[in-house]
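Reading through the structure tokens given below for one structure.
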Amino acid sequence: VEMGAKLLCLFLASALIAYYIYTPIPEDVEEPWKVMLITASFRAMGHLAEVADRLGMMHYMDALMLLTAAEYVAPTSDENITVTDTEFSNVAVRLYLPRRASDGLRRAVIYFHGGGWCVGDAGMKSYDHLTRWTSNMLNAVVVSVNYRLAPKYRFPVQFEDVYSVTKFFLQSSVLSQYGVDPDRICVAGDSAGGNLAAAVAQQLLKDSEVKTKLKVQALVYPALQTLDMNLPSYQENEYKPILPKLLMVKFWSEYFTSDSSLREAMASNRHVPVESSHLFHFVNWSNLLPEELKKDCVYTSPTYGSSELAQKYPGFLDTRAAPLLASDAQLRGLPLTYILTCEHDVLRDDGVMYAERLRAAGVSVTHDHAKDAFHGAMMFVSSPAELAVGHRLLKRYIEWLNDNL
């Protein structure tokens, strides 16, 4: 009997491990076993966070933050870059200053990390690698912003933090203190950070107090709209690695509230009230996506939700949270733009539609589409979770900045 029980336990444990590790990975993705293991560890973390949340031990996002904490590295200078943690306008930033001489004034990149407005840190190993490399390769000053996070802080706090840092840095006295060329400044970010970068670039156009103009915005697989959670990319990539649809819905709703009624309405795509119906043409994918991305999806008119949610949480209809909702007039005059999208990503169509709308508004756009990549791929560039595709995307992003900033 004991032998049988042991065998049963072994069988169940093996089945559980196999279930966790085996995830269908798109055929064109490189290093599928590595991607499978990374996905399995993210899934396990998500499940543990869910359990902790249900048992009332800690909030789901606080549990996910443990991953951020495990990845944290202290600010460490090296022979090329001086790294310090400081504050700009009372917001924590990690500052990267090149040590090698510069012929003239330097370029600058203001960077916003991803993590669904709820997790992440400028000091995570992957972000430290990215921003340090940016500073070194471009001989640029890099300001990586540690904006405050949900669930403790809701929209618009995250936006206000990154905006106040940007505005502080763009003052001529601050630029001259760091030897920065006012004509060569970029805002950049990935995922939720790409969302914040797009929103900051839009807001700066309206701000008469800011004299310095951005030269470039670089948006890496950005989240740009909260209206339609049923785009072809959401349908196709519902269960794909790193960012399944329900996790993205959770991040979006948590940005505004812990009220589960918003999350549930978003998950079933019934959260927009009829009085906001005029906004849908800004995200109408049947007009804005190329044929090859529509696949077999058929556009259906939205199912409207109650007005109550939008009255309680107006943030999800605000362009500072959803930059794709800006009118064509508000997009004119935006800086030179780089957008990276990944095929296997729920956020793919957000980036593709923004590129299309910006071009129509006369903005110069470089849209890089990685057909064999998934959301977050650029973060996997430092060991142990190092991926060839991550290096390739990072290299492409840096090359573009080098040529255009």
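The values are calculated or read from the model by the stated rules, or taken from the named source; none is laboratory data. On a predicted model such as this, the values are computed, not experimentally measured, just so you know. Ideal geometry is used to build each Cβ from the backbone, glycine not excepted, and the neighbour counts take in all protein chains shown. The accessibility values were calculated without ligands, DNA or RNA, using every heavy atom of the protein model including side chains. Shrake-Rupley method; radii C 1.70, N 1.55, O 1.52, S 1.80 Å.
A compact table of results
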quantity: Length released on extending from S364 to L48, taking residue separation times 0.36 nm less the Cα-Cα span; calculated: 109.3 nm
quantity: Of K215/K240; K125/K371; K215/K395; K295/K371; K125/K245; K240/K371, pairs whose Cα-Cα distance is over 24 Å; calculated: K215/K240; K125/K371; K125/K245
quantity: Probe 1.4 Å - accessible area at H278, Å² to nearest ten; calculated: 110
quantity: Whole-Å semi-axes of the ellipsoid equivalent to the chain (Cα gyration tensor, √5λ, descending); calculated: 33, 27, 21
quantity: Per residue, the convex hull volume that the Cα atoms of region 196-305 enclose (Å³); calculated: 151
quantity: Label zone at E292 (point 7 Å along Cα-to-Cβ), backbone N below 12 Å, region 353-385; calculated: 369-372
quantity: Estimated distance in nm for a label pair at R396 and E209, the labels positioned 7 Å out from Cα along Cα-to-Cβ; calculated: 3.9
quantity: Mean Cβ count within 10 Å, highest first, over the residues of peptides 319-330, 73-84; calculated: 319-330, 73-84
quantity: Share, in percent, of DSSP beta bridges within region 25-404 that are antiparallel, nearest 5; calculated: 35
quantity: Estimated inter-spin distance, M58 and L7, nm [label 7 Å along Cα→Cβ]; calculated: 4.1
quantity: Reachable lysines, given that their alpha-carbon falls under 24 Å from the alpha-carbon of K211 and they are not under 8 places away in the same chain; calculated: K167
quantity: Distant-in-sequence amide H partners of W117 (H built 1.01 Å from N, under 5 Å); calculated: A192
quantity: Rg and Dmax [Cα atoms of region 288-405; Å; Rg one decimal, Dmax integer]; calculated: 17.1, 48
quantity: Kyte-Doolittle at least -1.0, axis length at least 30 Å by Cα - qualifying DSSP helices, the chain; calculated: 32-54
quantity: For region 76-81, 3J(HN,Hα) per residue [Karplus equation, 6.51 cos²θ - 1.76 cosθ + 1.60, θ = phi - 60°, Hz, x = Gly/Pro]; calculated: 10, 7, 10, 5, 9, 10
quantity: Inter-probe distance in nm under a simple model that places probes 7 Å from Cα toward Cβ, at R100 and E386; calculated: 2.1
quantity: Distance cut-off 15 Å, percentage of C-alpha pairs in region 114-225 lying past it; calculated: 65
quantity: Built amide H within the under 5 Å cut-off of M124, gap 5+; calculated: V73
